[in-house]
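No lab work stands behind these numbers, since they all come straight from the coordinates. Since the structure is predicted, the reported quantities are computational estimates derived from the model, not experimental observations. Here the Cβ positions follow ideal geometry from the backbone for every residue, glycine too, while neighbour counts run over all protein chains shown.
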There are 2 protein chains.
Amino acid sequence: MDEEKGVEQTIEDSNTRFYKAFETLSIEKMEEAWKHSDDITCIHPGWEIFTSWTAIRESWLRIFENTKTIKFFITNMKIKAFENMAIVICLENIDTVIADKNSIRMGVIATNIFEKQNINNNKNNNEWLMVHHHGSTIANYMPPNVSL
Amino acid sequence: MDEEKGVEQTIEDSNTRFYKAFETLSIEKMEEAWKHSDDITCIHPGWEIFTSWTAIRESWLRIFENTKTIKFFITNMKIKAFENMAIVICLENIDTVIADKNSIRMGVIATNIFEKQNINNNKNNNEWLMVHHHGSTIANYMPPNVSL
């Protein structure tokens, strides 16, 4: 039981790391959250599928350049952990300022998939890295009654 | 190698079964494609997260009631197979008639997740059932030059 709880917490931490990287608009931090391989995939709301870390990194650079500030409040999180991979489904409650526009609030549902990395078979070095992100905007979004 | 190919084909078949069920607008066929449990999830384009088969079944009934015809042409498919679960990412090229409106073409990117069911440990009874579907519309979609 405890071990199971430990795995879920580690996966939640990897999910949090991804959103913290997004909030800081730092490509270095985003690099730490993702697996750098050719078969990873990313779907930003309304966009096409990006495949490979090279293409995905480029997409984050473009997003960061056009974002002044962004804050996430994550709710409705569901974690499904398997042996070497995990799925996190969550609602991103977003407060953002894009370019010179006013602050907007939006809701995005995300399917995030993480893969366990077995580095040197050393337990402390096992890391869950993002291999897939799928975000899509909710049409009739009602923001929660919290300040982000 | 052959066994790996076999698994991927079985997963692709499960993915096809889902889209065939959607095309026939048959709730019975859709029931066959999904796992019927409380922790499965479904995100239709622009909608909130539906959790549990009861809620997801209801959402399909609503969609089927409002759809006159729908045809899928699946492209850009990527399959990742793990021991007991598999991820299919694909582009749904859709030609649909909703209610009394004209035919529209749209592009939806899907993340589909399937879970292997071990029924009686009988190889022939192993089935990959859908446990998660996430669809999101592409904003600047260019339909392929094919008739659906």
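The table below gives the values:
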read-out: Nm distances between copies for residue A:52, ranked from closest, using label points 7 Å along Cα→Cβ; value: 4.5
read-out: Ellipsoid semi-axes in whole angstrom, largest first, where each is sqrt(5λ) of the Cα gyration tensor of the protein assembly as shown; value: 29, 26, 19
read-out: Inter-copy label distances at residue B:65 (7 Å, Cα→Cβ; nm, one decimal); value: 4.8
read-out: Identity and axial distance of the chain B residue whose Cβ lies nearest the axis relating B to A, Å; value: B:136, 2
read-out: Among B:88, B:97, B:131: highest mean-square fluctuation, GNM of chain B, C-alpha pairs under 10 Å; value: B:97
read-out: Inter-copy label distances at residue A:8 (7 Å, Cα→Cβ; nm, one decimal); value: 3.5
read-out: Folded to 0 to 90 degrees: helix A:53-65 orientation relative to chain A principal axis, Cα; value: 30
read-out: Acute angle (nearest 10 degrees) that the helix B:2-24 long axis makes with the longest principal axis of chain B, alpha-carbon atoms; value: 40
read-out: Rounded to the nearest 20 debye, dipole of the protein assembly as shown from Cβ charges on Lys, Arg, Asp, Glu; value: 760
read-out: Spin-label model distance (nm) - residue A:63 vs residue A:32, 7 Å beyond Cα toward Cβ; value: 1.8
read-out: Too-long pairs where the Cα-Cα distance tops 25 Å, listed order kept, from A:78/B:101; B:35/B:101; A:80/B:80; A:80/B:71; A:20/B:78; A:80/B:78; value: A:78/B:101; B:35/B:101; A:80/B:71; A:20/B:78
read-out: P(r) tail fraction, segment A:2-137 - alpha-carbon pairs more than 21 Å apart, %; value: 40
read-out: Contact order normalised by residue count of segment A:2-137, Cα under 8 Å, 6+ apart, percent; value: 24
read-out: Using a Förster distance of 25 Å, the FRET efficiency for residue A:55-residue B:139 (Cβ separation, nearest 0.05); value: 0.90
